[in-house]
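Undergrad: Sharing a structure, written as structure tokens. Questions coming.
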Amino acid sequence: MKKLVNLMLLVLFVFVLWPGQGHAATAPKLFLDGKSIVPDVDPIIVKDYTLVPVSFITNELGSSIEYVAQTKTVSIHNDTTSIELKIDNKTAQVNGQKVDLDASVQLLKGRTMVPLRFVSEQLGLNVDWVQESQSIYLTKKQAPPAEGETPDNGVQPDPLETLDARPVPADAAGVLKGIEFDGTSGVIISYDGEITPGQAFALQGPDRIVLDLPAAAFAPEFTAGFKLAPTGARNGEGKLEVKEHPLLSQVRYNLTESPTTVRVVLDLSQASTYEVAQSDGVIRIELTGKADPDQQTQPPVDQPSDKPNGVFRVVIDAGHGAHDPGAKSVSNRTEKEFNLSLALKVQALLKKEKNIEVYMTREDDTFVELNDRAKFANNLKADIFISIHANSFGTTARGTETYYYSESSKELANIIHKHLVKATGLPDRKVKKAGFVVIKQTTMPAVLLESGFISNKEDEKVLYDEAAQQRMAEEIVAGIKEYFKLK
């Protein structure tokens, strides 16, 4: 029973937070031991092979998944089998033996995509394809009974080792569908319904980041990684191990009652700064670097000074840089490239303004720590700070959004956003509040611009177009001048 349930998890619960990508006219239907499997999103067909994203497998039921970011290696273990897969590699190691794959393992938008047939068969499933109905049938291989045991002896499994679907509590406004590590520095929480995260906070001894999700629960199918409480109880803890990451060692998550709340904990090797962002059914916790012990709290925010006849200092921050490329676009271009290109265009225009002095956190492909970007602006006693970025999530998300943190930054955010949306012509995703380091640690009005989604082909076409970038730069400058009431 343990092995069967474990194998069901692999097939049923890896379809988490994956935008549909139609590589085939019709996605295959999936059946496990004759029962239809209806995932949240379709599997992906690549060259006649079905790929599914592998997310998390329960450790307590004799199997686990480990991701080693440094080598881009995924290891899957159960009681009898150890599988080691590498990204973009058509070979695998199964119990130490080299095995060829039908299709290479792929890392797409932070999801590790593995060939369904190969992984299922190695873990003990029969896999059959029925052309007429475009269906895949997965069935458990019957193991011989142990000595002195009949194949069906009527013994019920221990409830502590059972992964039955749990009912959603009545007081839950939203349900979590998955929790994943994106392979670099982010933890992605996907959900349905309405979830409003509480204020994230850091704890010491040991170092960890805690985020509570009030009025939230787990979707009935989301049980991977749990050590279940006795039958009838809804609490329990799951975990996702992360190996060889410089800061993150594992992610733990649990459900408490009265009122129902999901707590997500990132266990760290040392203190780290972080950002929490939310959009379109996704909450993302991004580790942004080693924490600065001298700057752990939000500094006071100054109001912009009135300089009708003076000069305003503006800091333009091109996000990411050097070994930190940011997100990847549909055509495999980098976010850092877009950020710098637009930032330099804004700089060139601001240099023509007699009442504005422009300063850059970077002017070439170099890397600057997030806290250092904020310190740079603070030390300058800048009047405003603008951080330029591009967004990435799946292939369908689109649009322009602007973030602020302090209330004194809201006016600047509204003005710049109005102009940026006009320039991009992309869907308006509104002005939002979030605790990004560069706009949280600055002492002047500060905003972070997410100009569009480079993971979407329509948005990407706009963002990397030189003429469109020039329009964006012109409108950002127009917004800056409007904010300062300059003609």
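Undergrad: Please give me the summed charge of the neighbours of E194: other residues whose Cβ is under 15 Å from its Cβ, Lys and Arg +1, Asp and Glu -1. Numbers along the way, then the final one.
TA: Numbers: positive: K177; negative: D171, D192, D280.
So the surrounding residues net to -2.
Undergrad: Hey, could you get me the Stokes-Einstein D for the stretch 312-484, Kirkwood radius over alpha-carbon pairs, 37 °C and 0.692 mPa s, rounded to whole µm² s⁻¹?
TA: Result for D is 211 µm²/s.
Undergrad: Which pairs break 25 Å Cα to Cα here: K290/K375; K328/K351; K239/K430; K90/K457; K72/K440?
TA: K328/K351; K239/K430; K90/K457; K72/K440
Undergrad: Just add up the charged neighbours of A92: K/R +1, D/E -1, any other residue whose Cβ is under 9 Å from the Cβ of A92.
TA: On the way: positive: K86, K90, K98; negative: E84, D100.
My count for the surroundings of A92 gives +1.
Throughout, read-outs are computed from the coordinates displayed, never taken from laboratory work. Keep in mind the model is a prediction, meaning the values are calculated, not measured. As a convention, Cβ positions derive from the backbone with ideal geometry for all residues, glycine included, and neighbour counts pool all protein chains shown.
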